[in-house]
Amino acid sequence: MNKFLSFLALALLLSTASIAQQQAIISFKAMGHDDEPIFGMIGSTSYFFKLDPQYEVTGSKLVLFFEPSQALLKDKSFINILIDDKPAYSNRLTGDSIQRIVLNLSRNDISPGGFLKIQVKTLATISDDKCRDLDNPGMWIKVKNYSYLSLTKSDKNFFSNVNISNCFDSKKAIVYPANPTLHDLKAVAWAYSRLKKTGIANIGVYEADKKPDSVRNYVMVGNMSSIPDGVKGLVKVTPQDGEGLFYLHKAITLATDTVTQIVNVRNTLLPIKTVVTLKVPTEILFVTGGDDAGYEKTITALGNMNILNSTFGDYLLIGTAENTFFKTVDENRSKLTLKQIGGATNFMSGIGSLKSEYNFKNSDFSFTPKEVEIHFQGIYSSLAPGDRGFFNIYLNGSLISSEKLDVSGKLNTSITINRYQHHKYNTLEAEFRFYPNSGNCNNSFTNFFSEIDVDQSYLESKDPFITNDLSFYQYPEAFNSGTTRIVVTRSYAKYAAAAMGEIIYELNNNINANNFPEFVYSDQVQPGDLKKYNIVALLSKDDKLMDDFPDAPIKFNQKFRIYNSDNNKTVYRLSDSVSNGLAQIFYGRSNNATLVLTATGTQLADAFLAASKSITEQLSTLSSNVCISDVNSNKYLFNINKSSENLEYIDTKSALTRFWESYNLYILLGILILILLSFLYVRSRIQRSQELFND
């Protein structure tokens, strides 16, 4: 009997291990979502997940955890789950503080675009009086970030489902030759931009001989002669001279990994880790060519989303690459409809607050706007006598406009905002707020409806924001006009690869990407080039080209320190012992945009990357033109010009001056002590003389 029970337990264990090997637990937090509160009597939130082709949706599960407000009447509050816009679950809330819903998934739940769309809709109640509940702040339900997808891994469709068009979604890194050429750097930059546009976070960029063994899904760049011998044999198609090649290698390998599952142990949710051996898909996308000319054609195609998205095979030979997707001529983008910036038609009904949200950034326009006209058109149900209706516009959380609705049922309103009201990245909210006559709302929840016309509503930049000094607030749109050159110090090239990717991504991070810069080494730059082109320079601190930027706020090739102009205290001192990324932006001699980055210390690649990321963040000032960031995510912003009194160069002082500044207090103290000792000595001599005289 004991043997039978032991055999049964072993079989169960093996079965559990087999199941664990086939499941992948991916939390909402791992996919970029924090706790998501849903406010109001009627509220909703949506999630869009792009699933890798290695996962089989049938047999997978959606596990949702949510926390309702303690003030809610649980038996009169409801939660509804829609998957791909189809109802999947509806029920009342229970009395638990953290509640759990498990739903099975199938292939029918995936949209034609390959996304899993999940909507959580709520109907909350605090009291029996719906009219009093309308604006009660206690009405919320929070979807927890440890909700997860339990996805079934399957290799049966791996080789047929994965192709060049969808393989970027699973790539985590880019690998380049140990001694990269300009072609390699250009390929890394465009591959990095492509991966970042798919939503990949923390993209790894490695030299070929430094790639971690744990990285299995990556992009390998380099022409056929520079691809390492260890992986060159995986390319089964040989491009001829002048031909470019995309080649996707696919294989299934075994790997040991740790699987984490959320388990309910005595009403407590605990993460349980299990070591398992998994079948892991390995994918390598080769971006290569028969020679440099063919390699360049592949890089050109890499920047064209239309080519990549329509390549459904495992390889693509490129004989001609004329990329009309990129333009060097200026293109007017002063007027953008809400549809162009991602707005969708949203029919809303009910009472209280009905909101639509839109996001836009300064770089969506051709130039940094000084003023932006926000125009809304739409329709709403006509108001009955005594009804109260308002249309409110919020920008970045602040109310900027409010007007009463009338009986016409037509919305046509505009407001102009200035440069102090909008930021580099902006959130625009349009709110219809409706209250029926005399507060009698019990029978009016479906009486009011509204809809914003996203085709006729628009944002229009009135005038460009022009200043005497360029600032990071105007980056990257300052580079929209004209041709841009990316310049790099030859000896620092391999350290600047990831930073170049960030720059290429930002230069094309708008609704009409059209900036395809040229790449050159700093020792190839001619004096006239610094006036002819917009310049993005990634240089060593000692590069001679540093001396050719007389308009730069700071000379990065000299040691410097920056003072607080109010109290004359040092706020920053450049030190080679710490890995810092330094960036400054300014106008060149022909009013061409110029961005210079350099790195110090031992972690040069991380320092360059830190600087390139810091200048793209939502900055709180309009005038910062110098940014210093370290590899620990610390960032310092300054506004420096030639007449600034808070900047001092240490190297320009004589040895005697530096000695005096370092030891002046000690010298003065020594002199004071000598004076005191001299005084005491003279005094004692006088006293002695007086005593002898008296005797």
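The values are calculated or read from the model by the stated rules, or taken from the named source; none is laboratory data. Every value quoted in this text rests on a predicted model; they were computed, and no experiment measured them. Using ideal geometry, Cβ is built from the backbone for each residue, glycine included, and neighbour counts are taken over all protein chains shown. Note: accessible area is taken over every heavy atom of the protein model, side chains too, but ligands, DNA and RNA are not part of it. Shrake-Rupley method; radii C 1.70, N 1.55, O 1.52, S 1.80 Å.
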Check: For the range 451-573, with every protein chain kept in place, what is the accessible area per residue (1.4 Å probe, Å²)?
Finding: 41 Å²
Note to self: So if I average 1/r over every pair of distinct C-alpha atoms in the range 370-506 and take the inverse, what Kirkwood radius in Å does that give?
What the structure shows: 18.8 Å
Item checked: Surface/4 of the Cα convex hull for the range 105-167, nm² -> 7.5 nm²
Check: Label-point separation (nm) for Asn392 and Asn437, each offset 7 Å from Cα along Cα-to-Cβ?
Finding: 2.5 nm
Notebook entry, point to check: Any idea what % of Cα-Cα pairs in the range 73-127 are farther than 19 Å?
Noted result: 36 percent
Notebook entry, point to check: Which whole-Hz ³J(HN,Hα) couplings does the range 200-210 yield from phi under the Karplus relation 6.51 cos²θ - 1.76 cosθ + 1.60, θ = phi - 60°, glycine and proline marked x?
Noted result: 6, 9, 6, 6, x, 10, 10, 5, 4, 8, 10
Note to self: Using just the Cα positions, wrap the range 184-328 in a convex hull and report its mean projected area in square nanometres, one decimal place.
What the structure shows: 11.5 nm²
Check: So what does Met348 come to for accessible area, using a 1.4 Å probe and Å² rounded to 10?
Finding: 20 Å²
Next item on the list: Could you state the angle between the C-alpha long axis of helix 604-614 and the longest principal axis of the C-alpha atoms of the chain, as a value from 0 to 90 degrees rounded to the nearest 10?
Entry: 70 degrees
Next item on the list: Return the sequence-ordered ³J(HN,Hα) values of the range 232-247 in whole Hz as given by the Karplus equation 6.51 cos²θ - 1.76 cosθ + 1.60 applied to θ = phi - 60°, using x for Gly and Pro.
Entry: 4, x, 6, 7, 8, 10, 9, x, 7, 4, x, 9, x, 8, 9, 9
Next item on the list: Using the structure shown, select from Lys86/Lys613; Lys211/Lys541; Lys61/Lys210; Lys50/Lys424; Lys142/Lys370 the pairs with a Cα to Cα distance greater than 29 angstrom.
Entry: Lys86/Lys613; Lys61/Lys210; Lys142/Lys370
Check: What is the spin-label model distance, in nm, from Gln524 to Leu665 if the labels are put 7 Å beyond Cα along the C-beta direction?
Finding: 5.3 nm
Next item on the list: Please find the FRET efficiency linking Tyr420 to Thr253, where r is the Cβ-Cβ separation and R0 is fixed at 41 Å, and quote it to the nearest 0.05.
Entry: 0.15
Notebook entry, point to check: By how many degrees, between 0 and 90 and to the nearest 10, does the Cα long axis of helix 655-694 differ from the longest principal axis of the chain?
Noted result: 50 degrees
Notebook entry, point to check: Stokes-Einstein at 20 °C, 1.002 mPa s, Kirkwood radius from Cα pairs: D for the range 470-563 in µm² s⁻¹?
Noted result: 149 µm²/s
Check: Can you pull the percent of the chain's accessible area that's carbon plus sulfur, 1.4 Å probe, other chains left in place?
Finding: 50 percent
Margin query: I want to check the label-to-label distance for Ser349 and Leu672. Put each point 7 Å from Cα in the C-beta direction and report it in nm to one decimal.
Written below: 8.4 nm
Checklist line | Reachable lysines from Lys236, criterion Cα separation under 17 angstrom, eight or more residues apart if same chain | finding: Lys250
Item checked: Stokes-Einstein translational diffusion, the range 199-252 - Kirkwood Rh over all Cα pairs, 1.002 mPa s, 20 °C, in µm²/s -> 165 µm²/s
Checklist line | Other-chain or far-sequence residues with amide H under 5 Å of Leu278's (modelled H) | finding: Ala255, Thr256, Asp257
Check: Could you work out the helix-only [θ] at 222 nm for the chain, with each DSSP H run of four or more residues adding -39,500 (n - 2.57) and the total divided by the number of residues, to the nearest 500 deg cm²/dmol?
Finding: -6000 deg cm²/dmol
Notebook entry, point to check: If you add up the charges near Asn426, with Lys and Arg at +1 and Asp and Glu at -1, over every other residue whose beta carbon is less than 10 angstrom from its beta carbon, what do you get?
Noted result: +1
Check: Using bins 5 angstrom wide from zero, how does P(r) for the range 63-170 break down, in % of all Cα pairs?
Finding: 2, 10, 18, 18, 15, 12, 8, 7, 5, 3, 2, 0
Next item on the list: Kindly work out what percent of the DSSP beta bridges joining two residues of the chain are antiparallel, to the nearest 5.
Entry: 85 percent
Notebook entry, point to check: With axes computed from alpha carbons, what is the tilt in degrees of helix 292-302 against the longest principal axis of the chain, rounded to the nearest 10 within 0 to 90?
Noted result: 50 degrees
Item checked: Exposure of Asp169 as accessible area (Å², to 10), given a probe of 1.4 Å and all protein chains -> 30 Å²
Item checked: Compactness index (Cα Rg / 2.2 N^0.38 Å), the range 223-299 -> 1.82
Notebook entry, point to check: Which semi-axis lengths, in whole Å and largest first, follow from the square roots of five times the eigenvalues of the Cα gyration tensor of the range 45-89?
Noted result: 28, 11, 10
Item checked: Using a Förster distance of 22 Å, the FRET efficiency for Arg107-Ser310 (Cβ separation, nearest 0.05) -> 0.45
Notebook entry, point to check: At q = 0.05, 0.07, 0.09 Å⁻¹, what log₁₀ I(q)/I(0) does a Debye calculation on the Cα points of the chain give, no solvent, two decimals?
Noted result: -0.35, -0.64, -0.98
Note to self: Report the Cα centroid-to-centroid distance between the range 590-639 and the range 543-561 in angstrom, as an integer.
What the structure shows: 15 Å
Checklist line | Nonlocal amide H pairs with Asn346, under 5 Å, H built at 1.01 Å | finding: Ile452
Next item on the list: Against the globular-protein guess of 2.2 N^0.38 Å, express the Cα radius of gyration of the range 448-519 as a ratio, rounded to two decimals.
Entry: 1.60
Item checked: Length gained when the stretch Asp542-Val231 is fully extended (0.36 nm per residue, less Cα-Cα span) -> 108.3 nm
Next item on the list: Using θ = phi - 60° and the Karplus relation 6.51 cos²θ - 1.76 cosθ + 1.60, list the HN-Hα couplings for the range 167-184 in order, rounded to whole Hz, with x at every Gly or Pro.
Entry: 6, 5, 5, 9, 7, 10, 7, 10, 10, 10, x, 4, 10, x, 8, 4, 4, 5
Note to self: Can you give me the long-range amide H partners of Tyr89? Hydrogens built in the peptide plane at 1.01 Å from N, cutoff under 5 Å, separation of 5 or more residues or another chain.
What the structure shows: Ile81
